[in-house]
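The values are calculated or read from the model by the stated rules, or taken from the named source; none is laboratory data. Everything numeric in this text was worked out from a predicted model, so none of it was measured. Here the Cβ positions follow ideal geometry from the backbone for every residue, glycine too, while neighbour counts run over all protein chains shown.
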Amino acid sequence: MKHLISMADLTPEELEEILKLAEKLKEERYKGRVTDYLKNKSLAMIFELPSTRTRISFEVAMTDLGGHALYLNWNDLQLGRGEPIKDTARVLSRYVHAVMMRVRKHETILEFAKYSTVPVINGLSDLEHPCQVIADLLTIKEYKGDLKSVRLTWIGDGNNVCNSLILASALTGMEMVVCTPKGYEPNKEIVEKALKMGAKLTFESDPLKAVENADVIYTDVWVSMGQERERRKRLKAFTGYQVTQKLVDSAKTNVVVMHCLPAHRGEEITEEVLEGEHSIVFDQAENRLHAQKAILLKLIGKEKE
């Protein structure tokens, strides 16, 4: 694994290694163990879009591991004044040991990685969000054990997180049910790729049917960054796809509810569910840190015995 741009960049074995490493790093942090696995290593973090969890988890991850993270706003760089992506990529490769990018277009990361001589990590694009999904898998594993026995139902927009989860389901053997309104399905190429990889995918338009026997219910915002002009149209299209207590009660009694945050309470999910006994969204958010540490260590570190 040279870069982490898509979940498809990982083999099942590499993904399993990252999850095991994340578990170990989480335990070390809870025990207060000081580590310097990334001593004298630097991570450039380029943000074209705002962030809470991605920025903080990566910055703290580098600090915890003895390294250094640089926050670089797109408009503060020469990128914002039109410098070619390939030039920035070649320059940063001379300075830092890895680059994490949070961008509007997936093609931006692909272009950057083409010219970068150091690992490039997708911290979010319009197509995928692998860092989020690795943290999600860590969380599901903590609550449900063997991922192969898990049935996850996605409710709502077939967005970047959904795309990465579909690929993750193929890598782990997890069963996934995708429930989206017509016209808001996940990326067709990713679905085809996942099916070729052996993914157990089901598509169901009725949310109540989709959550039958679900171990995990997962939702995300209906209006993502950059889609604000579509807000009225999207809210109308997603009527009936809200994760409510009635929907949760239609799944397994021990179902867990996930949301990658930020949440629009009262839209894609109710306050009652988000704050309810089935919600694991804040454990999920915490695991961004531990997953990020494992990703960084896998790409640019050498773990000490």
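Tabulated results
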{"item": "Criterion: assigned to a strand (DSSP E or B) and either within 19 Å of the chain's Cα centre (by Cα) or closer than 23 Å to GLU14 by Cβ (or both) - qualifying residue of ILE217, ILE166", "result": "ILE217"}
{"item": "Segment 200-225, subset among the small types (Gly, Ala, Ser) and out of contact with any Leu (no Cβ under 8 Å at 6 or more places or on another chain), residue nearest to GLU185 (Cα to Cα)", "result": "SER205"}
{"item": "Residue list for segment 205-214, restricted to those being of a type in the set (A, V, I, L, M), part of a loop (DSSP other than H, G, I, E, B) and free of Cβ contacts under 8 Å to residues at least 60 places away in the same chain", "result": "VAL211"}
{"item": "Among the candidates THR202, THR139, residue that is part of a strand (DSSP E or B) and either of a type outside the set (A, V, I, L, M, F, W, C) or out of contact with any strand residue (DSSP E or B) (no Cβ under 6 Å at 6 or more places or on another chain) (or both)", "result": "THR202"}
{"item": "Among (1) at pLDDT 95 or above; (2) out of contact with any His (no Cβ under 8 Å at 6 or more places or on another chain), the one test that LYS26 misses", "result": "(2)"}
{"item": "Of residues in segment 25-54 being in a helix (DSSP H, G or I) and touching a residue at least 60 places away in the same chain (Cβ under 8 Å), the one surrounded by the fewest Cβ atoms within 10 Å (Cβ to Cβ)", "result": "ARG29"}
{"item": "Residues that are in contact with a Ser or Thr (Cβ under 6 Å, 6 or more places away or on another chain) and either of a type in the set (Val, Ile, Thr) or farther than 11 Å from ILE5 by Cα (or both), drawn from segment 103-117", "result": "VAL103, ILE109, SER116, THR117"}
{"item": "Some residue of segment 200-219 being among the β-branched types (Val, Ile, Thr), at pLDDT 95 or above and more than 17 Å from THR139 (Cβ to Cβ)", "result": "yes"}
{"item": "Residue count for segment 245-282, restricted to those that are part of a loop (DSSP other than H, G, I, E, B) and farther than 14 Å from GLU212 by Cα", "result": "14"}
{"item": "Any chance ALA291 is in contact (Cβ under 8 Å) with a residue 40 or more places away in the chain and surrounded by 23 or more Cβ atoms within 10 Å (Cβ to Cβ)", "result": "yes"}
{"item": "Count of residues meeting criterion [in a loop (DSSP other than H, G, I, E, B), among the aliphatic types (A, V, I, L, M) and within 19 Å of the chain's Cα centre (by Cα)] in segment 110-134", "result": "1"}
{"item": "Test: residue in segment 185-198 that is modelled with pLDDT of 95 or more and part of a strand (DSSP E or B)", "result": "no"}
